[in-house]
Amino acid sequence: MQKIWYTFYKGLFEMNPIFKLALSLCPALAVTSTVVNAFAMGIAVTFVLTMNNIVVSIFRNYVNPKVRVPVYITSIATIVTVTQLVLEAYFPAIFQALGIYLALVVVFAIILARAEVFASKNNVFYSALDGFGMGIGFMIAMLLIGSIRELFGSGTLAGISVMPDMYNPALIMILPPGAFLLIGILIGMFNLIGQYQDKAKEEKMQNERMQKLALQRGE
Amino acid sequence: MEYFTLFMSAVIVNNFVLTRFLGLCIFFGVSKNLDASLGMGVAVTSIMTLSSALAWAVHHYVLHPQGLEFLTTAVFVVLIACFVQLLEMIIRKYSPTLYNMWGIYLLLIATNCIVFGVPVINAESGFNFTQSIVNSFGSGVGFALALVLMASLREKLRYADVPKPLEGLGIAFILAGMLALSFFGFSGMIPT
């Protein structure tokens, strides 16, 4: 049970694709100027990651290791084409907004990396879970960046005005430079939190060791 | 003149890295040292120009007449990956010196958003052959320019006192933000 939970959970924070692994950064900057776009991109990537992990895992024993990368690429390209067609048919506005970045999901490093590192070695259930967890972690990061950018850049959240009227939107947050600055600061914050956690863990371990030592001496 | 405008717009105004966010993995991975980024810039520019010529031919003579445009994504990505692999084999066989200089970059390029993105943009904008070539070459030069600028900045940064949590990727992003801000001054230079 713990292993199942961990397979899913590690993608959320511990190995967050954007902040920790620093993979697939292009969409994190390009389509996060509004929350809705960020959410749509997150859904699309989660779907592709999960489906691709399942496909790769099913065929993991039949694919010759020498040709594995072309096989993975073909599988990813097929799934992405399906996603594109579905979005174009049912959500044309979102399809327009995501534009070229939806086609670029094909070459996201995170999808190929999960297929290579995880799905080619594990069974279907764990692979699907791993892809889903990673996708959700990606979506959380996208939503975080998207909401900050939209809030400060145009004073709205998912299209609803939330800032007081006197607030003057900082246009730079919507523009490309703001995206770079914001992600830089967010990575710094993630690292800072990670440092505190490490320190706390170390202190806790040290305390336990001291207690054990004291117990031994007492006996 | 039209081609010159297209070229300048691809190099500076619509710079691939700083305004379209393509090729960021390479941009942050390679820009740690100046020599590597120069080599990478040249490699990306040449591969991109060649592969977009190939992709244009496939799109114009095969996909478009047959009405198979919905397959563009899948066909392009396989085409480019195969082309780069083939180029790597040819270079290794006939010019080992060139391979030593370049070889390591070629594998990194094979499936990368910048090399894949340009042919897709060309196909979507409906460019003709010359326009596609000019646009891809300009985009490559723009990428190389941004990469070399970034590498020079990061080399200077080595002796700076950076706050501990921002070390590495964090400060690199903030630096790229500053760079993007200065490139932003060029927008509006070319009427659209």
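The values are calculated or read from the model by the stated rules, or taken from the named source; none is laboratory data. Predicted model only: the values in this text are computed from it and were never measured. Note that each Cβ is placed from the backbone with ideal geometry, even for glycine, and that neighbours are counted across all protein chains shown.
All but one of (1) at pLDDT 80 or above; (2) surrounded by fewer than 17 Cβ atoms within 10 Å (Cβ to Cβ) hold for residue B:41; which doesn't?
The failed condition is (2).
Considering each residue of region B:1-56, count those that are part of a loop (DSSP other than H, G, I, E, B) and over 29 Å from residue A:184 (Cα atoms), and give that number. Explain how you work it out, then say what you get.
Taking region B:1-56 as the starting set, the residues that turn out to be part of a loop (DSSP other than H, G, I, E, B) are B:1, B:14-15, B:21-23, B:31-33.
Within this subset, residues satisfying the condition of being over 29 Å from residue A:184 (Cα atoms) are B:1.
The qualifying residues number 1.
Looking at residue A:132, is it free of Cβ contacts under 8 Å to residues at least 40 places away in the same chain and more than 19 Å from residue B:18 (Cα to Cα)?
It is false that residue A:132 is free of Cβ contacts under 8 Å to residues at least 40 places away in the same chain and more than 19 Å from residue B:18 (Cα to Cα).
I need the full set of residues from region B:1-44 which are of a type in the set (D, E, K, R) and within 14 Å of another protein chain (Cβ to nearest Cβ), in order please. Give the steps one after another, and end with the answer.
Taking region B:1-44 first, the residues of a type in the set (D, E, K, R) are B:2, B:20, B:32, B:35.
Hits for region B:1-44 are B:20, B:32.
(1) surrounded by 15 or more Cβ atoms within 10 Å (Cβ to Cβ); (2) facing chain B (nearest Cβ under 8 Å): which one isn't true of residue A:189, the others all being true?
(1)
Being under 30 Å from residue A:178 (Cβ atoms) and surrounded by fewer than 21 Cβ atoms within 10 Å (Cβ to Cβ) is the filter here; which residues of region A:38-57 pass it?
A:39, A:43, A:46, A:47
If you check every pair at least six apart or on different chains, which have Cβ atoms under 9 Å apart with a residue in region B:74-97 that is closer than 29 Å to residue B:63 by Cα first and a residue that is of a type in the set (Lys, Arg) and assigned to a helix (DSSP H, G or I) second?
That search, which allows pairs on different chains as well, returns nothing.
Quick one: how many residues across region A:58-103 are away from chain B (no Cβ under 11 Å), surrounded by 15 or more Cβ atoms within 10 Å (Cβ to Cβ) and under 27 Å from residue B:21 (Cα atoms)?
5
Filter region A:1-57 for residues that are away from every other protein chain (no Cβ under 14 Å) and of a type in the set (Lys, Arg); which is farthest from residue A:137 (Cα to Cα)?
Step by step, filter region A:1-57, then rank; the result is A:3.
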